[in-house]
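Participant: Quick one: the structure is below, and I'll ask about it shortly.
The values are calculated or read from the model by the stated rules, or taken from the named source; none is laboratory data. Because the structure is a prediction, the values reported are computed rather than measured. So basically every Cβ, Gly included, is an ideal-geometry build from the backbone, and we count neighbours across all protein chains shown.
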Amino acid sequence: MAEREQMKKQAPTKSDEVVEPVPATSESGEKIKGELDDLLDEIDEVLETNAEEFVKSYVQKGGE
Amino acid sequence: MAIRKVLGVETEYGIIIRGGESNPIAASSVLINAYIQELARSGTASASPRTGWDFEDEHPGNDARGYSIEGQFPPEVETHLVNAVLTNGARYYVDHAHPELSTPECADPRSIVVFDRAAERILQRSMEAAAALLPDGQEIVVYKNNSDRKGNSYGTHENYLVDRAVPFAQIVAQVMPHFITRQIYTGAGKVGTEAAGLTSAEVPYQITQRADFFEEEVGLETTLKRPIVNTRDEPHADPQKYRRLHVIVGDANLSEVATFLKVGTTALVLCMIEDDWLSRDLLPARPVQTLRHVSYDLTLRRPFDLADGTSMTALEAQWELYRRADLYAQERGLECIGGEEVGREVLRRWEAVLTGLESDLSSLATTVDWVAKHRVLNGYRERHDLRWDDARLAAMDLQYHDLRPDKSLAARVGLERIVSDAEVEAAMMHPPLDTRAYFRGRCLQRWPQSVVAANWDSLVFDIGGDPLRRVPMMEPLRGTEAHVGSLIDSCDSALELLQKLER
């Protein structure tokens, strides 16, 4: 419990600034956009079918 | 003069059993044994099932700050169920609840990339071999990542040989700024956060897998209250001359360029520390908070306070380190990280990655893991109009690190290669030529039945009749092909080798 509290204290205070997105990438070119589209199509075919269950069941014991 | 940076990487892999009872320790044993057995079946003397790991040299309680704490750790439970030494000089074993592979000692950062890739291939072969042993419908799957997204982390540790004469306090103060700021190109990316008190609303995506888990600046721990600089003092070499800096703060990388940069820049920074080349101290005022600050700032534009009262961004700190390194190379040369060719390549790629981070992140989508992962996840998110906390994005995050070639997302994003498949394939079986790993690996290839135990700094032979004979290897750069290649080739037996070594 003490450990959790300590972690909490160490967590950075949330900045008041608006969270900016990643700087706009220069993927304006149709070619690059098209490449990402193709990649996403390809990835669609191999993605875990039940994402929620997969994420829930992915549990590791700590290591090191 | 800075000493040659002998390097190694130890990776704990995530492991799951699909369609079966979840027992990660048993699964890790099955995985490794399946690999060893397959090698034995195929007639490749690539690992000797007989050769055990020798714990004579292990002292994880020794602290580099100059003391050793008895009882610092709970009594060691025997968790090293399987402990194989491979003919490439690597150690492949079950650590806690994970399969772990430690690369052999490498003499330059490019060699690390070759052997880190070879480690991935060994895990892939292990999965295939295990599949044949498991009941239908069960599968062991291995992930090269560092978090289960539920607060459990497992490490990818780097090791660097450093000069014992350099005060440890100086290493701590001068290497910590690098560990905190190198994240911007070594991070493997993670959806959300596992830090207490923060939610995905505040941290939808961050640069590293590991920053959430660090709570101390300096210390001996690796599993609780993890420190940014670890003080474990186990040189695995002549303790009068050397330290082994054990680095626990990094991410596992799928990008070869990221692995090359992670190890190459850190080796170079350590050379500069040994030669007292870093004039300005870039130590953050609050290192632990700054580690997260950097990981959470995808804009790379937010400054943090330094201990000297000024402030800077991680990118600015990296530019300063890079410029010092460039000058260092001109004045002192690059022998300490493996020579001009590989050293120049570290500097070239370092400059290129900083330029990309500064001006065009999309140019890094094939070299920096967190950028590559963000590109596909964000693309998917926009296509399906998802929030960052959607389970589908968390699943993709994990799947980026899936080592199965037909499932891995990292294998699909076009990551740049810097080593060849042929080199990697060879490195699964054969040791580096230019460190003591050569002696270890070659002896295992030639006389697997005579080597009864091995560890980093010795080999133990059983040549029948006589007592066991330990051959110390306290110098990481001796026992190379140049030193012992023809000697080993000229011997017909381990006994003959030992006799010749004793002359």
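Residue by residue, here is whether (1) farther than 17 Å from B:Ala2 by Cα; (2) within 14 Å of chain A (Cβ to nearest Cβ) holds:
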| site | (1), (2) |
| --- | --- |
| B:Leu300 | yes, yes |
| B:Asp305 | yes, yes |
| B:Asp308 | yes, no |
| B:Arg323 | yes, no |
| B:Arg332 | no, no |
| B:Val342 | no, no |
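Participant: Working only within region B:462-486, note down all residues that are assigned to a loop (DSSP other than H, G, I, E, B), over 23 Å from B:Arg244 (Cα atoms) and in contact with a helix residue (DSSP H, G or I) (Cβ under 6 Å, 6 or more places away or on another chain).
Facilitator: Residue satisfying the conditions is B:Ile463 alone.
Participant: Could you list, in sequence order, the residues of region B:81-94 that are at pLDDT below 90 and within 13 Å of another protein chain (Cβ to nearest Cβ)?
Facilitator: Answer for region B:81-94, where residues must be at pLDDT below 90 and within 13 Å of another protein chain (Cβ to nearest Cβ): there is none.
Participant: Separate question: When you check B:Arg417 against the structure, is it under 30 Å from B:Glu481 (Cα atoms) and either touching a residue at least 60 places away in the same chain (Cβ under 8 Å) or in contact with a helix residue (DSSP H, G or I) (Cβ under 8 Å, 6 or more places away or on another chain) (or both), yes or no?
Facilitator: yes
Participant: Answer yes if at least one residue in region B:118-136 is of a type outside the set (A, V, I, L, M, F, W, C), within 15 Å of the chain's Cα centre (by Cα) and either in a loop (DSSP other than H, G, I, E, B) or modelled with pLDDT under 95 (or both), and no otherwise.
Facilitator: Scanning region B:118-136 turns up no residue that is of a type outside the set (A, V, I, L, M, F, W, C), within 15 Å of the chain's Cα centre (by Cα) and either in a loop (DSSP other than H, G, I, E, B) or modelled with pLDDT under 95 (or both).
Participant: In region B:206-235, how many residues are closer than 14 Å to B:Asp63 by Cα, in a loop (DSSP other than H, G, I, E, B) and among the β-branched types (Val, Ile, Thr)?
Facilitator: Residues flagged as closer than 14 Å to B:Asp63 by Cα, in a loop (DSSP other than H, G, I, E, B) and among the β-branched types (Val, Ile, Thr) within region B:206-235 amount to 2.
Participant: Answer yes or no as to whether B:Ala258 is within 12 Å of another protein chain (Cβ to nearest Cβ) and of a type in the set (A, V, I, L, M).
Facilitator: no
Participant: Now for a different question. If we only count helices (runs of 4 or more DSSP H) wholly inside chain A, which ones have 1 or more residues that are modelled with pLDDT under 90, within 30 Å of B:His98 (Cα to Cα) and hydrophobic (A, V, I, L, M, F, W, C)?
Facilitator: A:2-10
Participant: Same structure, new question: Answer yes if at least one residue in region B:206-213 is crowded, with 24+ Cβ neighbours inside 10 Å, within 11 Å of chain A (Cβ to nearest Cβ) and among the aromatic types (Phe, Trp, Tyr), and no otherwise.
Facilitator: The answer is yes; a qualifying residue exists.
Participant: Name the residue, out of B:Asp434, B:Asp489, that is part of a helix (DSSP H, G or I) and of a type in the set (Asp, Glu).
Facilitator: Exactly one of B:Asp434, B:Asp489 is part of a helix (DSSP H, G or I) and of a type in the set (Asp, Glu), namely B:Asp489.
Participant: Within region B:164-185, is even one residue within 12 Å of chain A (Cβ to nearest Cβ), surrounded by 20 or more Cβ atoms within 10 Å (Cβ to Cβ) and under 24 Å from B:Ala119 (Cα atoms)?
Facilitator: No, every residue in region B:164-185 fails to be within 12 Å of chain A (Cβ to nearest Cβ), surrounded by 20 or more Cβ atoms within 10 Å (Cβ to Cβ) and under 24 Å from B:Ala119 (Cα atoms).
Participant: Next question, about the same structure. Select from region B:291-311 the residues that are closer than 23 Å to B:Ala267 by Cβ and either surrounded by fewer than 22 Cβ atoms within 10 Å (Cβ to Cβ) or among the polar types (S, T, N, Q) (or both) and list them in ascending order.
Facilitator: Once the filter is applied, which keeps residues that are closer than 23 Å to B:Ala267 by Cβ and either surrounded by fewer than 22 Cβ atoms within 10 Å (Cβ to Cβ) or among the polar types (S, T, N, Q) (or both), region B:291-311 yields only B:Ser295.
Participant: Could I ask something else about it? Assess whether B:Ala258 counts as being of a type in the set (A, V, I, L, M), under 23 Å from B:Ala437 (Cβ atoms) and in contact with a Phe, Trp or Tyr (Cβ under 7 Å, 6 or more places away or on another chain).
Facilitator: no
Participant: While we're on this one: Could you look through region B:400-420, keep only residues that are within 20 Å of the chain's Cα centre (by Cα) and not in a loop (DSSP other than H, G, I, E, B), and pick out the one that is surrounded by the fewest Cβ atoms within 10 Å (Cβ to Cβ)?
Facilitator: That would be B:Ala411.
Participant: Here's a check for you: in region B:356-389, which residue that is surrounded by fewer than 20 Cβ atoms within 10 Å (Cβ to Cβ) and part of a loop (DSSP other than H, G, I, E, B) is nearest to the other protein chains (Cβ to nearest Cβ)?
Facilitator: If we take residues in region B:356-389 being surrounded by fewer than 20 Cβ atoms within 10 Å (Cβ to Cβ) and part of a loop (DSSP other than H, G, I, E, B), then B:Asp360 is nearest to the other protein chains (Cβ to nearest Cβ).
Participant: Counting just the residues of region B:336-355 that are touching a residue at least 12 places away in the same chain (Cβ under 8 Å) and among the acidic types (Asp, Glu), which one comes out surrounded by the most Cβ atoms within 10 Å (Cβ to Cβ)?
Facilitator: Result: B:Glu345.
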